[in-house]
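Quick notes on the structure that follows.
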Amino acid sequence: MKTDNYFANGRVAVLSTRLLTEDKLLHIAECNELSEALKALYETGYADGTTLDNASEYQKLLDIELNKVCGEVRTLSSDQRTTEYFLVSYDYTNAKILMKSKYARTDGVEQCFACGKIAPQTLQQLINNDDYDSLPKPMADALMYIDQQYANGNRSPVVVDMALDKAMYADMCIRANKSSWKALKEYFKTEVDCLNLLTFFRAKRAGYDVNRYEQLIVDGGDISKQSLVEAYNTGYDKLRDILYYSNFRPLVDTLIQCWEQGYFAPAESAIYSSKRKIIDEHADSLTVQPLVKYYLDKVREADALRHVLIAVKSKLDKSIVKERLKELYE
């Protein structure tokens, strides 16, 4: 195991030198045309030097890079339970797409991520045939529940999203509890608590009643559902009081400001920082930690690059783009 990690983390150290720095992203953001921005991106060797005939198809570059990274993570990992914790979301996103396609009687494979553990074609066949036995139990249970809801006339796509989101976190919880990397349990709880707090304020902003918010709460965090529901009924001052002495108090203050402004990007950045802090605090070259850190850096890189390319294409104010990059790289 240690030998495997020595090799993997040596490889990760090399791969990490190829990450796009904030300065490189700012250079791309300074471009006035999308074709110019892509030329600057090509010069970095991104997506193995792939070039496009049509600049508007830049998502293909992001997909190529994502598929490569997920493949590297799976190949290098000596702890598949841990790395699949971070990668399993692609399978659940694909399941959402394919379950909706099933009832719309369409082919959803082309919309799916190619980097999931289950091939989209295989997953589509299993879903269309109601054959869930070979799938992870949380996913299988969610798919059966969705079938029942649709059979009873509750055919909203929201049913699909809610059921599979909760199943995904149940699946991640199982993986975290079985992982040999001790930091993952703490990471999972923090991820769930941050998600529930963000959902609290998004739901408030959308005007959801307490029953609808309660349905959105994900299990597994340290903040109890009872506390969240009580605060939702009372107001965010109650939430602040409940979490006054917790590590989440600063996040709540940030979320309140975001709720008032109707702009949640600063809170999303704060949540990323909270989760990333756990990874950094458990740095250990003899574990899977460097590989996890590299993967999360690549996800952040993709998010930042997508934001930059959309901004250049839409000719957004460059100062706004720079501010967003600053939030992502704080």
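The values are calculated or read from the model by the stated rules, or taken from the named source; none is laboratory data. Treat the numbers as computed from the prediction; the structure is a model and nothing was measured. Here the Cβ is made from the backbone with ideal geometry for all residues, glycine too, and neighbour counts use every protein chain on show. Ligands, DNA and RNA are excluded from the accessible area calculation, which covers all protein heavy atoms including side chains. Shrake-Rupley method; radii C 1.70, N 1.55, O 1.52, S 1.80 Å.
A few points about this structure:
- The stretch 309-323: number of residues that are closer than 21 Å to Ile271 by Cα and touching a helix residue (DSSP H, G or I) at 6+ places or on another chain (Cβ under 6 Å): 1
- Just one of the numbered conditions (1) more than 30 Å from Ile310 (Cα to Cα); (2) in contact (Cβ under 8 Å) with a residue 12 or more places away in the chain; (3) open to solvent by 30 Å² or more (accessible area, probe 1.4 Å) is not true of Ser77: (3).
- Candidate set: the stretch 190-217, residues that are of a type in the set (A, V, I, L, M) and within 21 Å of Ala265 (Cα to Cα); chosen: the one surrounded by the fewest Cβ atoms within 10 Å (Cβ to Cβ): Ala206
- For the stretch 218-242, taking the residues that are open to solvent by less than 30 Å² (accessible area, probe 1.4 Å) and within 18 Å of Gln257 (Cβ to Cβ), the one that is farthest from the chain's Cα centre (by Cα) is identified as Gly235.
- Residue within the stretch 289-307 that is free of Cβ contacts under 8 Å to residues at least 40 places away in the same chain, more than 25 Å from Gly221 (Cα to Cα) and more than 18 Å from the chain's Cα centre (by Cα) present: no
- Lone unmet requirement of (1) within 26 Å of Thr287 (Cβ to Cβ); (2) basic (Lys, Arg); (3) more than 22 Å from the chain's Cα centre (by Cα) for Lys117: (3)
- Number of the condition not met by Leu143 [criteria: (1) open to solvent by less than 30 Å² (accessible area, probe 1.4 Å); (2) within 19 Å of Cys173 (Cβ to Cβ); (3) free of Cβ contacts under 8 Å to residues at least 24 places away in the same chain]: (3)
- Unmet criterion (only one of (1) without any contact (Cβ under 8 Å) to a residue 40 or more places away in the chain; (2) farther than 18 Å from Ser274 by Cα) for Trp259: (1)
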